[in-house]
Amino acid sequence: MKRLPIIAAAAAGLALMAGAATRSPKTQIARNLDIFNTVYKEIQTFYVDSIDAEKSITTAINAMLSDIDPYTEYIPEKEQAQFRTMTSGEYGGIGSIIQQRPQGVIIAGPYDGSPAARAGLRPGDLILLIDGDSVTSLTTDKVSERLKGPQGTNVSVTLKRPYVTTADSVFAVDIRREKIQIPSVPYWGVTPDNVGYISLNSFTEKSYPEVRAAAEELLRRKVSGIILDLRGNGGGLVESAVQILGLFLPKGTTVLNTRGKGVLDEKVYKTSISPLDTKIPLAVLIDGASASASEIVTGALQDLDRAVVIGNRSFGKGLVQSTRQLPYDGLLKVTVAKYYIPSGRLIQAIDYSHRNPDGSVARIPDSLTNVFHTAAGREVRDGGGITPDIKVEYPDLNRLTYNIIRDQWAFDFATKYASEHTSIPAPADFVVTDSIYDEFIAFIDPDKFNYDKVCETAMDQLRKFAEAEGYMTDSTRTQFDILAGMLRHDLRHDLLQNRDNISPYIASEIISRYYFDAGEIENSILTDRAVDSARTILTSPRYNAILAKP
């Protein structure tokens, strides 16, 4: 069978049964396949209603694979376009993220320089027609299928722009589809204190050349250190991760071992290129959404004492997938190995082969993890992702801020703001001023704001308990009324009290309207706690102290 590139992503047929032959007696496999075939034929022959053959078999396959692990998947031919996009970062289309809203599907964010951006599409534009057909009742998946297509072909899109009162609010554009390359590095730059910064959001076929180009320019500018931001990076190609490690480690360094079912299935990965720089101070930023290939890069640099890791514990995915061709152009993405980083540790957080009686699985508790050592002798542990050298504490996301994000108030306000302002300051200079924040408060309609009134709900429950248990006297009722009045929500007051928490989200949305993802990131890192921590460590003696032998 043809093998495609090995994949390690945080994101499969009956053919898998044959692969389990070394674990189950062949007679047992043949017996169960015969039972399945017979049951299926009986259902098709005698069930009172017609059975959708493709749907029922796909359901059976997916049910079987779901009992193995979340990463082993069957991908029928019609669903492979998205899979190819994930591994290559390329597709044919107009180049925009879209989003489902109650009124239909909207443009959420065109990519910088994309056909959608050049055609003037903006976040918030409601898609009404595609090639003359109404799409207001379609899901994002269906609209995406209509917008994508072979590069060089045209698509006609009719849209409605919000917060525009003239006849121009509804307009049509003809867009020529192109090969869209989603950038792996949406932004890189230099901080005011001369520290380089690279944001890497995926590991695709294009990630290595993009990271290399950014790193070369940063080194040319003689930065004092480099921050590699892998927060939210769910992984991708193992080969890409190994190539990127080669930029900062000596050629021939072992960075990864993968071990499959048998001795012949073991593979050692070594860096194979001449590095750009093996001495410049490095910091890697991670969080709970940094997974798989991100953990390979982070774990190897930590195990080899080549970088300080900052942030929060990573996801914990140490399983490697490979794709196998199936009949009728299907694909099976199957877990073929576990990966081990240089210290010898496996960072997989969940053992899917040992399930609870109810079928559920749980993370490996810290008490059952094992101690390993970095090249310098520092203690590190397996079994639960990468634990950072420096942990960064973030304030809890309160209910008010959560509701503003969930219900798209900041997004919609930024759409309205952009319709009324032709320009804003550069990303590094933009701030949410008193005037802008006052506009935001005025924009929110209290009658439409879906407030999770936790205190008021709790007070109502407490009143009921007091009544039921006989404590509700006239005096108690008066005290309850006083306390309820003190805890009653005042939306304007709450918005003012939480300005520091809410303003970054407003700034992010507004800046993206003018400067796309790159501007949004450039502005956000100016007040980013993890970036601040990395900048401080990279420019002080503390960097060497953290990586030194205990």
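The values are calculated or read from the model by the stated rules, or taken from the named source; none is laboratory data. Just so we're clear, the structure is a prediction, and the values are computed from it rather than from any experiment. Cβ sites come from the backbone with ideal geometry, for glycine too, and all protein chains shown count toward neighbours. Ligands, DNA and RNA are excluded from the accessible area calculation, which covers all protein heavy atoms including side chains. Shrake-Rupley method; radii C 1.70, N 1.55, O 1.52, S 1.80 Å.
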Checklist entry - Looking at region 197-220, which of its residues are open to solvent by 40 Å² or more (accessible area, probe 1.4 Å) and farther than 20 Å from residue 274 by Cα? => result 201
Checklist outcome for this item: Checked region 509-540 for anything of a type in the set (A, V, I, L, M) and open to solvent by less than 60 Å² (accessible area, probe 1.4 Å); matches are 510, 511, 518, 521, 525, 530, 531, 534, 537, 538
Item to check | Residue list for region 165-195, restricted to those being polar (S, T, N, Q) and either open to solvent by less than 30 Å² (accessible area, probe 1.4 Å) or closer than 30 Å to residue 91 by Cα (or both) | outcome: 169, 181, 184, 191
Item to check | Whichever residue in region 387-422 is within 23 Å of the chain's Cα centre (by Cα), open to solvent by 20 Å² or more (accessible area, probe 1.4 Å) and of a type in the set (Ser, Thr, Tyr) and, among such residues, is modelled with the highest pLDDT | outcome: 387
Checklist entry - Just one of 377, 384 is part of a loop (DSSP other than H, G, I, E, B), farther than 26 Å from residue 531 by Cβ and open to solvent by less than 80 Å² (accessible area, probe 1.4 Å); which is it? => result 377
Checklist entry - Just one of 127, 61, 97, 75 is closer than 30 Å to residue 413 by Cβ, surrounded by 18 or more Cβ atoms within 10 Å (Cβ to Cβ) and not charged (D, E, K, R); which is it? => result 127
Checklist entry - Under the condition of being part of a loop (DSSP other than H, G, I, E, B) and in contact with a Lys or Arg (Cβ under 8 Å, 6 or more places away or on another chain), which residue from region 326-374 is most open to solvent (accessible area, probe 1.4 Å)? => result 370
Checklist entry - Among 280, 296, which is within 24 Å of residue 218 (Cα to Cα), assigned to a loop (DSSP other than H, G, I, E, B) and either open to solvent by less than 40 Å² (accessible area, probe 1.4 Å) or touching a Ser or Thr at 6+ places or on another chain (Cβ under 7 Å) (or both)? => result 280
Item to check | Only one of 319, 285, 304 that is under 17 Å from the mean Cα position of the chain (by Cα) and buried (at least 20 other Cβ atoms within 10 Å of the Cβ) | outcome: 285
Checklist entry - From 366, 382, 351, 303, which residue is among the acidic types (Asp, Glu), on the phi < 0 side of the Ramachandran plot and at pLDDT 95 or above? => result 303
Item to check | In region 257-277, residue farthest from residue 541 (Cα to Cα) [restricted to those that are crowded, with 16+ Cβ neighbours inside 10 Å and among the polar types (S, T, N, Q)] | outcome: 258
Checklist entry - Condition test on residue 507, is it touching a strand residue (DSSP E or B) at 6+ places or on another chain (Cβ under 6 Å), within 30 Å of residue 411 (Cα to Cα) and modelled with pLDDT of 95 or more? => result no
Next on the checklist: For the structure I just gave you, tell me whether residue 96 is in contact with a Lys or Arg (Cβ under 9 Å, 6 or more places away or on another chain), under 29 Å from residue 522 (Cβ atoms) and among the hydroxyl-bearing types (Ser, Thr, Tyr).
Outcome noted: no
Item to check | Criterion violated by residue 192 - all others in (1) modelled with pLDDT under 95; (2) under 21 Å from residue 84 (Cβ atoms) satisfied | outcome: (2)
Checklist entry - Based on what the data block shows, is residue 53 more than 30 Å from residue 184 (Cα to Cα), open to solvent by less than 80 Å² (accessible area, probe 1.4 Å) and modelled with pLDDT under 90? => result yes
Next on the checklist: Condition first: out of contact with any Pro (no Cβ under 9 Å at 6 or more places or on another chain) and of a type in the set (S, T, N, Q). Now tell me which residues in region 507-535 satisfy that.
Outcome noted: 508, 533
Checklist outcome for this item: Wholly inside region 98-204, strands (runs of 3 or more DSSP E) that include 3 or more residues that are under 24 Å from residue 234 (Cα atoms) are 104-110, 178-181, 187-190, 196-199
